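> Please find one structure pasted underneath; my questions will follow.
The values are calculated or read from the model by the stated rules, or taken from the named source; none is laboratory data. Please read these numbers as outputs of a predicted model, since none were measured by experiment. Note that each Cβ is placed from the backbone with ideal geometry, even for glycine, and that neighbours are counted across all protein chains shown.
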């Protein structure tokens, strides 16, 4: 394809945040170029590996129906979802991130969340309920009504794969230029004014001029940066997503004067099957994630519990549970289920073969963990479970059925005795998804300099933008903030490009 050295807007990256920025810029009259470091076959960034959940404020199932794909009609009458208010969304976000996020960034994401889903729907993105992602509804007893977690009720149809396919279809329909295997290597700048980006090609560099929207991800695929910022052992963890998020433009932007922001020692890290590949594999995307642990006991090599598996809904704990697993010997742990709860496992557990045993001692032997430790842990836990737990436990909502065994973490919800064999175990480790540290931006997605000023002509969206998440994370918030701020950045960059062009014409 022809390579024009001047564009109105240059978008660096090829995932959800990047493509929404490109489509928004085009919608606002800009000539747009997308620079994707990956090949066309591997395009899509971390978004393509995701489960596709978008955490949006909404007024309940009826309000979602107009944007849902028609196939979702099979769930109507079988699932329910309470409204997810802006206030609840904000409270969940601030609680999971210890009250540290920039309120303006949080409010902008929440306030524009559902309208952004509608905008994406108009672009051709299809939406589904998450019913079959949470568990296999067809394995539930007849007459069961599944309560969808309000903040995790909606996802892109066919998850990250479908999301990226639909967004690229919209990009191609808009005739937006996309260059593959074209990583940006640094900013072109005069002082704190960005003029464009330098692209690293196979045998040369190429300078492209225009407004720049950075959407190149964090540094989660870079073991050197993970070790430097996340700490000892993080260079060895498995990576759930794309191999291309190396943090290069993040570092180069800070070198050029952009201000770092957010939790540089934090990352989204989850329970991942021990047999998952070391790097994200598009044949499986997120199918090695293991999120049914609220119904399990999660133990380490000593057979000891180390987290409250039922603290709250899984979508508000999974991104920190990976950290807890990483801290265990060998960065490994074991999710143990009995026959009373195996029907509640997510369908993606089928990508691994569990370890199965009739007794806990036999299970411990097969896992090469402490049999005495496991037996003591389970016995103490079972003794602490209320006698009437079986009749009160509700797998589809926070049921408050708790156990508080001495010397162990409490289990705040879904406490049932683990006593009905054969016992089923899935060994897990830590898988990193994305990093939390990034560039400081304002609510217009403009990058802020180290002198607290706007860095002219530069925007940052998605994982490369910091200040959104600390310590923990609510499922679907990342894709949502990427789309909201991608749309904002694209529009603002297009307006700025037009103003700059008009100014140049007057000067000429």
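> Residues 322, 303: which one is touching a residue at least 60 places away in the same chain (Cβ under 8 Å) and within 14 Å of the chain's Cα centre (by Cα)? First the steps, then the outcome.
On the way: 303 fails: within 14 Å of the chain's Cα centre (by Cα).
That would be 322, the only listed residue that is touching a residue at least 60 places away in the same chain (Cβ under 8 Å) and within 14 Å of the chain's Cα centre (by Cα).
> While we're on this one: Answer yes if at least one residue in region 212-220 is touching a residue at least 12 places away in the same chain (Cβ under 8 Å), part of a strand (DSSP E or B) and more than 30 Å from residue 285 (Cα to Cα), and no otherwise. Break it down into steps so the answer makes sense when it comes.
Residues of region 212-220 that are touching a residue at least 12 places away in the same chain (Cβ under 8 Å), as a first pass: 212-220.
In the following step, the residues that additionally are part of a strand (DSSP E or B) were identified as 212-214.
If we keep only those that are more than 30 Å from residue 285 (Cα to Cα) too, we end up with none.
Taking every residue of region 212-220 in turn, none turns out to be touching a residue at least 12 places away in the same chain (Cβ under 8 Å), part of a strand (DSSP E or B) and more than 30 Å from residue 285 (Cα to Cα).
Quick grid of which residues meet (1) at pLDDT below 95; (2) surrounded by fewer than 23 Cβ atoms within 10 Å (Cβ to Cβ):
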| residue | (1), (2) |
| --- | --- |
| 461 | no, no |
| 482 | no, no |
| 491 | no, yes |
| 507 | yes, yes |
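> Quick one: residue 168 ticks every box in (1) surrounded by 22 or more Cβ atoms within 10 Å (Cβ to Cβ); (2) within 30 Å of residue 474 (Cα to Cα) except a single one, so which number is it?
It fails just one condition, (1).
> Also: When you check residue 232 against the structure, is it without any contact (Cβ under 8 Å) to a residue 12 or more places away in the chain, farther than 21 Å from residue 44 by Cα and surrounded by fewer than 18 Cβ atoms within 10 Å (Cβ to Cβ), yes or no? Let's see the steps before the verdict.
On the way: without any contact (Cβ under 8 Å) to a residue 12 or more places away in the chain: yes; farther than 21 Å from residue 44 by Cα: yes; surrounded by fewer than 18 Cβ atoms within 10 Å (Cβ to Cβ): yes.
Answer is yes for this residue.
> Among 399, 338, 388, which is modelled with pLDDT under 95 and under 32 Å from the mean Cα position of the chain (by Cα)? Steps first, answer last, please.
Details: 338 fails: modelled with pLDDT under 95; 388 fails: under 32 Å from the mean Cα position of the chain (by Cα).
Testing whether each residue is modelled with pLDDT under 95 and under 32 Å from the mean Cα position of the chain (by Cα) leaves just 399.
> Here's another thing I want to ask about it. Just wondering, is there one or more residues in region 70-88 that are over 29 Å from residue 399 (Cα atoms) and either surrounded by fewer than 20 Cβ atoms within 10 Å (Cβ to Cβ) or in contact with a strand residue (DSSP E or B) (Cβ under 8 Å, 6 or more places away or on another chain) (or both)? Lay out the reasoning, then the answer.
Taking region 70-88 and keeping what is over 29 Å from residue 399 (Cα atoms), we get 70-71.
Filter once more, keeping what is either surrounded by fewer than 20 Cβ atoms within 10 Å (Cβ to Cβ) or in contact with a strand residue (DSSP E or B) (Cβ under 8 Å, 6 or more places away or on another chain) (or both): 70-71.
Yes, some residue in region 70-88 is over 29 Å from residue 399 (Cα atoms) and either surrounded by fewer than 20 Cβ atoms within 10 Å (Cβ to Cβ) or in contact with a strand residue (DSSP E or B) (Cβ under 8 Å, 6 or more places away or on another chain) (or both).
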